[in-house]
1. Which condition number does residue 528 fail, the rest of (1) farther than 21 Å from residue 414 by Cα; (2) in contact with a Gly (Cβ under 7 Å, 6 or more places away or on another chain) being met?
2. Name the one entry in 39, 32 that is in a helix (DSSP H, G or I), surrounded by 20 or more Cβ atoms within 10 Å (Cβ to Cβ) and not acidic (Asp, Glu).
3. Where the second residue is assigned to a helix (DSSP H, G or I) and crowded, with 21+ Cβ neighbours inside 10 Å and the first is among the β-branched types (Val, Ile, Thr) and modelled with pLDDT of 95 or more and lies in region 57-84, which pairs have Cβ atoms under 7 Å and are six or more apart or on separate chains?
4. Please work out which one of (1) under 30 Å from residue 234 (Cβ atoms); (2) surrounded by 17 or more Cβ atoms within 10 Å (Cβ to Cβ) is the condition residue 326 fails and give its number.
5. Checking the condition surrounded by 14 or more Cβ atoms within 10 Å (Cβ to Cβ), under 27 Å from the mean Cα position of the chain (by Cα) and assigned to a helix (DSSP H, G or I), which residue from 278, 257 passes?
6. How many residues are surrounded by 15 or more Cβ atoms within 10 Å (Cβ to Cβ), outside any loop (DSSP other than H, G, I, E, B) and modelled with pLDDT of 90 or more if we restrict to region 240-253?
7. Would you point out the residue of region 124-168, among those that are farther than 20 Å from residue 105 by Cα, part of a loop (DSSP other than H, G, I, E, B) and of a type outside the set (Val, Ile, Thr), that is nearest to the chain's Cα centre (by Cα)?
8. Kindly provide the set of residues from region 157-201 that are among the aliphatic types (A, V, I, L, M), without any contact (Cβ under 8 Å) to a residue 24 or more places away in the chain and within 22 Å of residue 67 (Cβ to Cβ), ordered by number.
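The values are calculated or read from the model by the stated rules, or taken from the named source; none is laboratory data. Nothing here was measured: the structure is a model prediction, and the numbers come from that model. Neighbour counts run over all protein chains shown; Cβ positions are idealised from the backbone, glycine included.
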Amino acid sequence: MEFFKRNFEFMFIFLLAIIIFILKYPILNLPYSWDVMNYVIPSAQHIYEGNFTIFLWSYSNGHPPFYFILLGFLFKLFGNSQIVSNLVTIFFSFLATYYTYLIGKHLFSRKIGVIATFLMFFYPTFFSHSGISHVAIPLTALAIISIYYFIKNNRILYLIFSSFLVLTEERAVVIPVSLLIYDFFKNKKFNFKRSIILSLPIILFMIWMISNKLHYGYFLWPLSTSLFSVNFIQIFLNIFMILKNLFFDYYKWILTSFIIISCFSFKLLRNRKKVVYSVIVSVIFFIFIFILPKFSIYFQRYFPNIADYFIIVKYFSFLFAILLFILLLSFNKFIDFWNDKKFYPFYFIFIFIFLSYVLFIPFAPRYALPIYPIIFLFFSVSLVKVFKKYSYIAFVIVLILFATQWFGDRDTVGFTLEYNMEYVDAIKTHQMATNYLEENYPDAVILASFPQSLELQYPYLGYVKKPLKTVSIPPFPGLTSKNFTIHLNSGIYNKTIDLNSIDIVYYSDQEFKTRHSKEINKILNKTLVKKFEMNGKVAEIYEVNKEFEYPNFVLPLD
């Protein structure tokens, strides 16, 4: 026991690394999926093949080049395999969790650091992305490392890691911007030299944008900037869904409840006037959110699935009303407790990142990953405050609840399965389907939508040994011409499809379904020859009846 106390830091690093590696080991050799195969790996592959450049828009969906160059360089050193790229993600996952611990320990206590670290890692969305070779986990790691060295006032390391950060994803620039503004408010005076030093990552990002303007004619990828929205209703609904993701999903509502009740005391019930006021407001709030689904019809044109979100709110309306009552009753104590200077840099970062989420629609849960360390530090502080000496028991219970959400049997579109580990089932069904096609139909012309179309054409994605003859249906026909930019994967999508040339249709419930793929499926007379299924995820192989004459199918530019 004494040895453990003396060597806690070393033992913690070792234990954290072992736990992460053991839990993520099963996915090391897993093929890629969705955006990873759409632009992350193609960008790294381009670098790996000897085409070193910072201008990767043709491959990278307009994102800054740091992570793609890093991954391409590591491919040169160790080979372009899934094991290499997945190990890189696992390493960044370790960095993200470890630096969350360091910040928690530095600002609060070792206990809070430990709890925040494992809560974040076990949370389903973080846990799943810890094995997905996307930019999300490296972005999270670079963000929390930058914040840590800013708080520690280590300017050199802050500048290094925040520079990598802004060259990994565009919206990441809001982190050094928010820290620069926080520094100004903290010191209450303008220090030109210090401000210039802290602005260097921002200046570097601006240099990258200027290079884009000179090379492409645009500062930022037009498709990305076209997602910016100032529509009030869209913004309001987007806020609603973002808050759900940050503070509700996968049992996070329990941790959010801890934040709200952290300052409650039964002594507050003695103030009858405040109790009456809190009850009245809470009852009105309860009635409003209970009937909220009735208003969904007015918002479906903006978000077709908004009714599902409103129904969830209705189911939890009583809990939300109780939490509002507690918050109103303990509001002064709540403000006093959370009005701590230790939290101030986190507040600035949270506000700026939240605005970046709100103003760009749509929002995907992985976008929130860089803010997870901050949120889980808040959760941990409140959990320890509420449960005190029993906080580790509460912590373990929450970990178990998180782990129960790692897997499931949803049959939704593929990218939504990355919210937890269900994406693995989809990949495995596609692996079985592509193996079957390669063994039984090596010379056939195969019709496939995204992402199957990429699986069949590029062996480095991990599905086939040799490219198969593929006719592909683009997920976004005409989208890029509408946004005046280069088009996605320009050489691989057909605009006119001769349906008579199709021998096989490779279909999946998890593919990106469009009206074009649905129309083609109705036109072709086909027979199911093989079906692969795993926990609700389905891949199917159809043979096309060649006795019929089929028309050419033209994909419209809309």
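1. All conditions pass for residue 528, except number (2).
2. Unique residue meeting the criteria: 39.
3. Pairs that qualify, where the first residue is among the β-branched types (Val, Ile, Thr) and modelled with pLDDT of 95 or more and the partner is assigned to a helix (DSSP H, G or I) and crowded, with 21+ Cβ neighbours inside 10 Å, are 69/47; 84/75.
4. Tallying (1) under 30 Å from residue 234 (Cβ atoms); (2) surrounded by 17 or more Cβ atoms within 10 Å (Cβ to Cβ), residue 326 fails exactly one: (1).
5. Working: 278 fails: under 27 Å from the mean Cα position of the chain (by Cα).
Just one listed residue meets the conditions, 257.
6. Final tally of qualifying residues: 7.
7. Going through the qualifying residues, I end up with 134.
8. Listed by number, the residues that qualify are 157, 160.
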